[in-house]
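Every number here is computed from the coordinates shown, using simple stated rules; none is lab data. The shown structure was predicted, so the numbers you read here are calculated from the model rather than taken from an experiment. Please note: Cβ atoms are built from the backbone with ideal geometry, for glycine as well, and neighbour counts cover all protein chains shown.
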Amino acid sequence: MATLVDNMVEEIKSKIDSGIYVPGDKIDSLNELCRNYNVSKITAIRAVAHLAKLGVIKKIQGRGSFVSGNSKKVQECGENISEIDTIVIITIPDIILSHYEFERKMCLGICERAKELGLEVRFQEPKIDLLGESMSNWEKNEAGIIFFGRDNDGKASHFFATGNPRGVVVDSFAPGVHCVLTDNAFGMRGIINELAKRSCRRLLYAPHFSLRKCNFNVSERLESFITETTQAGMDWEIQDGCNYEIFHEKLQSSKPPDAILFPCDDPAINCAEFLEERGVKIHNDVIICGFDGFSPSGKDYTRLLTAKVNPEKIGKTAVDVIASGQINEPVPIWKRIKPEVIVPWNSSR
């Protein structure tokens, strides 16, 4: 089945073959192509890159794209458009991945965008020895690499530094590598603003309940919590330990917290259930907040005040960074995807 890129390429080639465009003519700009063919900019970029790879057009830096042929208008110039034809996703095997909803949705976003752009998608386990064996084949096939998850052991940093492939780390951070990340500061700011609207002044944050130990997102959310609550003039406390009983005790104290926040949704849901079993009324006695907008265990997170991350958009953005040629930039690019703050109430407290 022909992709949008394939259709654009064939139509432009047809105009050249029929004489509508002649050697030396400048073809439409990217914005004009988007408007005339009703496609996204990344699709237009891929089509132009493919035409250049076929030798049908020549790109001249700062001037545009011209039909190839014997003309003074056509000059040799350097390309900054990616000619990658394969996306390699480095992640855990499918049998395990199927149990990780967030990662599965990121894969879905990657595969959807790759299909739109006519790119092949392959999977590879994150083992350095296997990565090394496959590197020469990936470079030969002009592949772009998307590395999933934590870099606690430095695999991603080591992989990109030693092999120098063109790639992106998603939902985490690796020094010196292009990354597509959640905008944790934006999400935490939204949560704190909603709590302020509810006249919450005393906040308790529990970073150690995260299932993702030493995760970059967890660290950023903690830093953002401290920054946003301090700027808002709120009283805040960091709760050490992993015992839900401590929250019940805090609520019985002379200065109970107005809200309890967690770096992800599952422990927030567990805390809400634990407190409700002891007679605490969620949203009335205390507000429970999570982050991510999904529950790996399949629990209902809709009662939480949370920031819903968009894993599919993270995946699509990673492909866009690779396909658009940004992957060739020498300075690492950080793309931040803003989460949506989900408010579980409609009336005031």
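Among 247, 186, what is the fewest-to-most ranking by other Cβ atoms within 10 Å?
Working: 247 22, 186 16.
Taking fewest neighbouring Cβ atoms as first place, the list is 186, 247.
Sorted from fewest to most neighbouring beta carbons within 10 Å, what does the list 50, 248, 178 look like? Can you show the working numbers first?
Working: 50 21, 248 16, 178 26.
Result, fewest neighbours first: 248, 50, 178.
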With label points set 7 Å from each Cα along the Cα-to-Cβ direction at residue 41 and residue 336, the distance between them in nm comes to 1.9
For segment 257-349, the Cα convex hull volume per residue in Å³ comes to 121
If the chain between residue 230 and residue 273 were fully extended at 0.36 nm per residue, the gain over the current Cα-Cα distance would be 12.6 nm
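For residue 253 and residue 201, compute 0.36 nm times the residue count separating them, minus their Cα-Cα distance, and round to one decimal in nm.
On the way: separation 52, 0.36 × 52 = 18.72 nm, distance 1.53 nm.
Taking 0.36 nm per residue and subtracting the Cα distance, the gain is 17.2 nm.
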Ordering 310-321, 216-227, 18-29 by per-residue average of other C-beta atoms within 10 angstrom, highest first, gives 310-321, 216-227, 18-29
Residues 46, 113, 303, 278 in order from fewest to most other beta-carbon atoms within 10 Å are 278, 303, 113, 46
Taking the dipole of segment 203-349 about the Cα centre (Lys, Arg +1; Asp, Glu -1; charges at Cβ), the one of 284, 253, 232 that reaches farthest to the positive side is 232
In this structure, the FRET efficiency calculated for residue 112 and residue 29 from their beta-carbon separation, with R0 = 45 Å, to the nearest 0.05, is 0.95
If each part is reduced to its alpha-carbon centroid, segment 270-314 and segment 23-56 end up apart, in Å, by 46
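How much length is gained on full extension from residue 246 to residue 53, taking 0.36 nm per residue of separation minus their Cα-Cα distance? Walk me through the numbers on the way to the answer.
Values: separation 193, 0.36 × 193 = 69.48 nm, distance 6.30 nm.
Contour length minus the Cα-Cα distance gives 63.2 nm.
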